[in-house]
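The values are calculated or read from the model by the stated rules, or taken from the named source; none is laboratory data. The model shown is predicted, which means the values in this text are computed figures rather than measured ones. Cβ atoms come from the backbone with ideal geometry, glycine included; neighbour counts cover every protein chain shown. With ligands, DNA and RNA removed, areas are computed over all heavy atoms of the protein, side chains included. Shrake-Rupley method; radii C 1.70, N 1.55, O 1.52, S 1.80 Å.
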Amino acid sequence: MKTIDLFAGVGGIRLGMEQAGFTTVFSNDFDTKCQITFDLNFSDPSMTCKSIDALDFDSIPDFDVLTGGFPCQPFSVAGKRGGFKDERGNHFFTIARLIDLRRPTAFLLENVKGLLTHDDGDTFRTILDTLYKLGYSIRWKVLNSKVHANIPQNRERLFIVGFKQEEHASKFHFPEPIPLTKTYEDFLEIREKWSRTKITEGKVYDALQEFGVKEGYSYQWRYNYIREHKAKGCIPCLVTVGKSPIIKSFEVGWDSKIPIFRHLTTKECFNLQGFPYDYKMPYSFMHERHLYKQAGNSVTIPLIKRIADGIRISTTHHPNG
Ligand SMILES: C[S@@+](CC[C@H](N)C(=O)[O-])C[C@H]1O[C@@H](n2cnc3c(N)ncnc32)[C@H](O)[C@@H]1O
């Protein structure tokens, strides 16, 4: 089955869909920094880099499943006006127009959990209402990477899945919880790469010393204090701004292990979203803050794969029922 990948970022949804057996025929994002990372890893097709508002929908190839982790814009006013066809500036309504035009078999949308309560729930009601009016059967659920994907990151995200046929929707199930058997230590790089992220002095270093940082836990610097993530072996949700989580680690000398504090590297942040280890990083073309942002903006690949498996199974015709 063919998919299109809107708001593609660095291709997280695309990777998960492809791991579940889907073929990507179109990817779009307007961020040129994302495009550099994306095009290093995907070529056929590479990214169409322009604003979704500037896309000619007729130029998008045939597809069965539309996917998109769309940015959440405040659109309470738009919602109250009703009639999504008028709301040209809003990304959700742009997606809705494309669904209406091309009538895919299914779609998968991803967003922050806060979308459910935004504007007292009006925003989400508008989204569901719009999708129902298009004639789609909708399922939605908040899933957490550490609960549903065996990735030790506390990342809750809202997933909305829609099907053109109710029969497909009735067969679809979101992934059930699975045991978390890994810790963040399973996703770390070799020690030579750590030096760039080592914390050796300054107020963060002093605060870490004072806090009594424990091995196996992760920490965040919150403006002027240290916060410990309560679950051992897990990291907090990766975000788009600020520094990555801090861990206590060890530099191995000839005859000793020297404890150090360090931030997770950009590669480790991608690893902790479940990106394959051979995913290429454009280190020499880009400041690392863009890579941290890209990791924080992306999705947990094994979670997308599990949802995509569900979409594939529920939309595939089985001759024996
Ligand atoms: C939450 S991120 C999605 C990340 C993606 N799922 C991934 O795996 O990296 C939202 C993306 O929407 C893109 N975006 C925002 N406004 C856009 C627009 N007008 N046209 C195209 N892309 C846009 C941003 O550049 C960003 O990469």
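This model, with +1 at the C-beta of Lys and Arg and -1 at the C-beta of Asp and Glu, gives the chain a dipole about its Cα centre of some 540 debye.
List the pairs from Lys33/Lys243; Lys146/Lys182; Lys141/Lys182; Lys133/Lys164; Lys203/Lys248 whose alpha-carbon separation is above 21 Å, in the order I gave them.
Result: Lys141/Lys182 exceed 21 Å.
Each of Phe63, Tyr219, Leu180 was placed along the dipole of the chain (beta-carbon charges, centred on the mean Cα), and the one lying farthest toward the positive end is Tyr219. Enter the angle in degrees (range 0 to 90, nearest 10) between the Cα long axis of helix 32-41 and the first principal axis of the Cα atoms of the chain, meaning the one along which they spread out most. The angle comes out near 90 degrees. Shown is the FRET efficiency for Asp100 and Ser51, computed with R0 = 22 Å from the Cβ-Cβ distance and rounded to the nearest 0.05: 0.65. Express the relative contact order of the chain as a whole percentage, based on alpha carbon pairs under 8 Å and six or more residues apart in sequence. Relative contact order comes out at 18 percent. When the helices of the chain are scored as -39500 (n - 2.57) per DSSP H run of n ≥ 4 and the total is divided over every residue, the value at 222 nm lands at -8500 deg cm²/dmol. Taking label points 7 Å from Cα along the Cα-to-Cβ direction, Glu156 and Thr316 give a separation of 3.3 nm. Each residue of region 231-238 was assigned a 3J(HN,Hα) from its phi angle through the Karplus curve 6.51 cos²θ - 1.76 cosθ + 1.60 (θ = phi - 60°); the sequence is 8, 4, x, 10, 10, x, 4, 5 Hz, with glycine and proline shown as x.
Take every Cα pair under 8 Å whose residues are at least 6 apart in sequence, average their separation, divide by the length of region 184-276, and the relative contact order is 32 percent. Take Glu185, project a point 7 Å from its Cα along the Cβ direction, then tell me which residues of region 204-218 have their backbone nitrogen under 19 Å from it. Within reach of a label on Glu185: 212-218. The GNM of the chain, with springs linking C-alpha atoms under 10 angstrom apart, assigns the highest mean-square fluctuation among Lys203, Lys214, Lys293 to Lys203. Here the extension length gained between Arg196 and Asp278 equals 27.4 nm, from 0.36 nm per residue of separation less the Cα-Cα distance. Can you send over the carbon and sulfur percentage of the accessible area for the chain, probe radius 1.4 Å, protein chains only? Exposed carbon and sulfur together represent 51 percent of the surface. Accessible surface computed residue by residue for the chain, with neighbouring protein chains in place and a 1.4 Å probe, gives 48 Å² per residue. Taking the C-alpha atoms only, the angle from helix 301-315 to the longest principal axis of the chain is near 20 degrees. Note the angle between two axes, namely the Cα long axis of helix 91-102 and the longest principal axis of the Cα atoms of the chain, as a number of degrees from 0 to 90, rounded to the nearest 10. Here the helix axis deviates by roughly 40 degrees. Our note on the geometry: Cα centres of region 236-282 and region 164-232, 9 Å apart.
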